[in-house]
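Novice: Please read through the structure below; I'll follow up with questions.
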Amino acid sequence: MLYEPVRPTNPRLAELLSPLTRRLFGPEMNRRTEQNLARAGLIVDEITRSLS
């Protein structure tokens, strides 16, 4: 199980807020986690988006 903030399906707002969230919280909240997992060779069985 991986619990990770990921890029929303409609990323416009996240892209606008990304510079602010980076300054406040540090990590990039607008990452393409699903693509990064696939590039690393991991298989994603299921994705549940709680705030989409």
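Here, each number is a calculation from the coordinates, and none is a lab measurement. Owing to the predicted nature of the structure, the values given are computational and were not obtained by experimental measurement. Reconstructed Cβ throughout: ideal geometry from the backbone, glycine too, with neighbour counts over all protein chains shown.
Novice: Of all residues being of a type outside the set (Val, Ile, Thr) and part of a loop (DSSP other than H, G, I, E, B) in region 2-16, which is surrounded by the fewest Cβ atoms within 10 Å (Cβ to Cβ)? Just the residue, please.
Specialist: TYR3
Novice: How many residues, within region 1-32, are among the hydroxyl-bearing types (Ser, Thr, Tyr) and within 15 Å of SER50 (Cα to Cα)?
Specialist: Within region 1-32, residues that are among the hydroxyl-bearing types (Ser, Thr, Tyr) and within 15 Å of SER50 (Cα to Cα) number 2.
Novice: Same structure, new question: Restricting region 17-52 to residues that are of a type outside the set (S, T, N, Q), closer than 12 Å to LEU2 by Cα and part of a loop (DSSP other than H, G, I, E, B), which is nearest to the chain's Cα centre (by Cα)?
Specialist: Restricting to residues being of a type outside the set (S, T, N, Q), closer than 12 Å to LEU2 by Cα and part of a loop (DSSP other than H, G, I, E, B), the top hit is ILE47.
Novice: Let me ask another. Pairs under 6 Å by beta carbon, first residue on the phi > 0 side of the Ramachandran plot and touching a residue at least 24 places away in the same chain (Cβ under 8 Å) in region 20-49, partner surrounded by 10 or more Cβ atoms within 10 Å (Cβ to Cβ) and not in a helix (DSSP H, G or I), six or more apart or different chains?
Specialist: Once the first residue is on the phi > 0 side of the Ramachandran plot and touching a residue at least 24 places away in the same chain (Cβ under 8 Å) and sits in region 20-49, no partner that is surrounded by 10 or more Cβ atoms within 10 Å (Cβ to Cβ) and not in a helix (DSSP H, G or I) comes close enough.
Novice: In region 41-50, is there at least one residue being loosely packed, with under 11 Cβ neighbours inside 10 Å and in contact with a Pro (Cβ under 8 Å, 6 or more places away or on another chain)?
Specialist: Yes, region 41-50 contains a residue that is loosely packed, with under 11 Cβ neighbours inside 10 Å and in contact with a Pro (Cβ under 8 Å, 6 or more places away or on another chain).
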